[in-house]
Amino acid sequence: MSTVNISPRLSYWENEIYFKNIDIFIIGSGIVGLSTAISIKEKEPTANIVILERGALPMGASTRNAGFACFGSMTELIEDVKRDGEAMMLDLVSRRYNGLELLKNRIDPNKMNYRHQGGYEIFRSDDLDSFEECMDHLSHYNQLVAPITGLKETYILANKEINTFGFKDIDQMILNQGEGELDTGLMMDELIKLAYKMGIRIVNGINIEKYESYANGVNLLTDKNWELKSKKLVIATNGFSKNLLPHIEVTSARNQVLITEPIPGLKLKGCFHYDRGYYYFREINQRILIGGGRNLAANTETTDHFGINNMIQSALSQLLRTTIIPYSSFEIDMRWSGILGLGPIKKPIIEKLDQQVVVAVRMGGMGVAIGSLVGEEAAKLVLE
């Protein structure tokens, strides 16, 4: 006799505790979803908010990034100006910087192991044209970002430290004195603790397949055929947004990451950018975490499916071996990937789709920096 797999219906008790009389459902428990919920609660303490997360963990990018508390290397800012103009570049820098300040005001920096050690951009001999372009713009860009960072010189030449870090074939280095780094796992854990403390519920394993808004609220349908209702809805699904919003201008992008075993005598300090930010690495707990290389296989990495790209992972290992720590052998401990939400421009999408539904997505790979502020802006739209 065959059995049919049927998803269980909600019980009376489950519905009463988790899904009844909900003011706001938020889809996605990453930094944007959590920050939106927290910002709403700060303004409306009695609001009944439930965050719906399809995974066991918020596994898109919030717990899978490198923990850079950054707002843009010189080459990134130059590229941004070429594509989007100076005004938009400055708006993005301001949002990232202020987003980080909001995060540090909300969560004790010590509790997420925040360290202000600067962010370095490295240049090899075949990158000298790019380096010279940066130097040509250095003074001007320092003047532009000074009102944001409060630093007379945010970007400075830092060639004296190349030998200190033990790099090979690195000819030039520019330091961003305003950047820092944090433990992204601790950051998320503290945000989750704060959400629970404020009375925000987080329900995992809830995959929303579609929603329908109407005059007085929103109906949601899960993959278990559960029908959920709330007065308002926030969609904070970043790189997975097309699953619910097929026409939204968000492109999924997979990023490869690896981390070494602890390396005795490791010389690195701070966070590092290479090749216009396509590669990034840092020290954490005497290990090196390195990620990026998506530009090596843009077609295969334009996806919202997790997975390991062996070619890119090999390139990351090779960069470690030949350039970053040529003085030491090392072993790889873990490899993983994360899913970003990108678009034709880097500006995030924070808007009302109608009176009941707000969308807050497309972090452009800068969710740690900008996510708290995006949540704040989304909360204001919800409460209008």
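Values in this text are rule-based calculations from the coordinates and carry no lab data. All figures in this text were calculated on a predicted structure; none of them were measured in a lab. All Cβ positions, glycine included, derive from the backbone under ideal geometry; neighbour counts span all protein chains shown.
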*With charges set only on the Cβ (+1 for Lys and Arg, -1 for Asp and Glu), what does the dipole of region 76-150 come to about its Cα centre, in debye to the nearest 20?*
720
*asked:* I want to verify a result. In a Gaussian network model of the chain, Cα cutoff 10 Å, which of these has the top mean-square fluctuation: Lys231, Lys197, Lys111?
replied: Lys197
*Given the chain reduced to its alpha-carbon atoms as identical point scatterers, what log10 I(q)/I(0) does the Debye formula return at q = 0.08, 0.09, 0.10, 0.11 Å⁻¹?*
-0.43, -0.54, -0.66, -0.79
*Quick one: check the C-alpha center-to-center distance for region 191-258 versus region 79-141, whole angstrom.*
30
*Nearest 0.05, what FRET efficiency do Glu133 and Leu383 give at R0 = 45 Å with Cβ-Cβ as r?*
0.55
*Between Thr300 and Ile162, what is the label-to-label distance in nm when each label sits 7 Å out along the Cα-to-Cβ direction?*
3.3
*Taking 0.36 nm per residue of separation and subtracting the Cα-Cα distance, what length does fully extending Ala56 through Asn110 add?*
16.8 nm
*Taking Cα centroids, how far is region 308-356 from region 13-55 in Å?*
29
*asked:* Could you derive backbone 3J(HN,Hα) for region 246-253 from the dihedral phi with the Karplus parameters 6.51, -1.76 and 1.60 (θ = phi - 60°), listing whole Hz in sequence and x where the residue is Gly or Pro?
replied: x, 9, 6, 7, 10, 10, 6, 9
*asked:* Could you give each residue of region 73-84 its phi-based ³J(HN,Hα) in whole Hz, using Karplus coefficients 6.51, -1.76, 1.60 with θ = phi - 60°, and x for Gly or Pro?
replied: 7, 4, 5, 5, 5, 4, 4, 5, 5, 4, 8, 10
_Restricting to Cα atoms and excluding each atom paired with itself, what does the Kirkwood estimate give for region 149-259 in Å?_
19.4
*Could you state the principal axis extents of the C-alpha atoms in region 24-83, from the largest down, to the nearest angstrom?*
45, 28, 20
*Once the Cβ-Cβ distance between Asn285 and Ile192 is put in as r, and R0 is 25 Å, what FRET efficiency do you end up with, to the nearest 0.05?*
0.70
*Could you go through region 191-202 in sequence order and give the Karplus-derived ³J(HN,Hα) for each residue, using 6.51 cos²θ - 1.76 cosθ + 1.60 with θ = phi - 60°, rounded to whole Hz, and x for Gly and Pro?*
5, 5, 4, 5, 4, 4, 4, 7, x, 8, 8, 10
_For the chain, size of Cβ-based charge dipole, Lys and Arg +1, Asp and Glu -1, in debye_ = 1040
*Find the Rg to Rh ratio for region 216-336, where Rh is the Kirkwood radius over alpha-carbon pairs and Rg uses the same atoms.*
1.14
